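Worksheet: one structure, shown below.
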Amino acid sequence: MLFRETRLQDAWLVELEPAGDDRGFFARTFCELEFAAHGLETRFVQHSRSLSAMRGTLRGMHFQNPPHSEAKLVTCIKGAIWDVIIDLRSNSPSFRQWQGFEMTADNRHQLYIPQGFAHGFQTLSDDAEVGYLISAFYAPDAADGLRYDDPAFSIEWPLPPTVISEKDRNWPNFTG
């Protein structure tokens, strides 16, 4: 795996290094030793998937409040997404900054999102499927979010949102 630093402190783009032959390829998607060597979370207690049927679907911006904060390793299994993270850690040099990444089933990139970040994505294709490794159990009382169109961040989404949940439409603007 190749670990590429992002503009945001402690967030990493992880690229697979496939070993291929005439049958196809094999690639590691996680290695406890390599993640630990980069100072990243190595314990993932929940593995989840989401499927978004329509291109333009927007999910986010989600996070869990302490003490239930979570690190995530996200990958696009099918289709394509524009994945966005926001650093919400007030003591971070990249506080209040966001960055987006095109993630596709073809490029097989993974995004490591540390605790203290909001996360969301927009589908660039129909039937986009996303996989998540998550370091903390889901705690409904700690679940939180920010508006996808919050002027504090001015996220540049590639498409007008076609589908967005009522919950995601009604998250508050950032006040920190």
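The values are calculated or read from the model by the stated rules, or taken from the named source; none is laboratory data. No experiment lies behind these values; they were computed from the predicted model shown. Cβ atoms come from the backbone with ideal geometry, glycine included; neighbour counts cover every protein chain shown.
With respect to the conditions (1) surrounded by 11 or more Cβ atoms within 10 Å (Cβ to Cβ); (2) assigned to a strand (DSSP E or B); (3) out of contact with any His (no Cβ under 9 Å at 6 or more places or on another chain), residue 47 falls short on a single one, namely (1).
Scanning region 19-38 for residues that are free of Cβ contacts under 8 Å to residues at least 40 places away in the same chain, touching a strand residue (DSSP E or B) at 6+ places or on another chain (Cβ under 8 Å) and either among the hydroxyl-bearing types (Ser, Thr, Tyr) or in a loop (DSSP other than H, G, I, E, B) (or both) yields a single hit, 38. Residues in region 19-29 include none that are buried (at least 18 other Cβ atoms within 10 Å of the Cβ) and either of a type in the set (S, T, N, Q) or out of contact with any Asp or Glu (no Cβ under 7 Å at 6 or more places or on another chain) (or both). On the basis of being touching a residue at least 60 places away in the same chain (Cβ under 8 Å), in contact with a strand residue (DSSP E or B) (Cβ under 8 Å, 6 or more places away or on another chain) and assigned to a helix (DSSP H, G or I), does residue 168 make the cut? Against the criterion (touching a residue at least 60 places away in the same chain (Cβ under 8 Å), in contact with a strand residue (DSSP E or B) (Cβ under 8 Å, 6 or more places away or on another chain) and assigned to a helix (DSSP H, G or I)), residue 168 qualifies. Remark: pairs (first residue in region 39-62, within 16 Å of residue 168 (Cα to Cα) and modelled with pLDDT of 95 or more; second residue basic (Lys, Arg) and part of a loop (DSSP other than H, G, I, E, B); Cβ separation under 9 Å; 6+ apart in sequence or on different chains) = 61/147. The residues in region 151-165 that are of a type outside the set (Phe, Trp, Tyr), touching a residue at least 40 places away in the same chain (Cβ under 8 Å) and in a loop (DSSP other than H, G, I, E, B) can be counted, and the count is 9.
Just checking, does region 138-158 include any residue being under 21 Å from residue 66 (Cα atoms), of a type in the set (Lys, Arg), crowded, with 17+ Cβ neighbours inside 10 Å and out of contact with any helix residue (DSSP H, G or I) (no Cβ under 9 Å at 6 or more places or on another chain)?
No - not one qualifying residue is present in region 138-158.
I want to confirm something. Restricting to region 80-136 and keeping residues that are under 30 Å from residue 25 (Cα atoms) and charged (D, E, K, R), which single residue is surrounded by the fewest Cβ atoms within 10 Å (Cβ to Cβ)? Ranking the qualifying residues of region 80-136, first place goes to 106.
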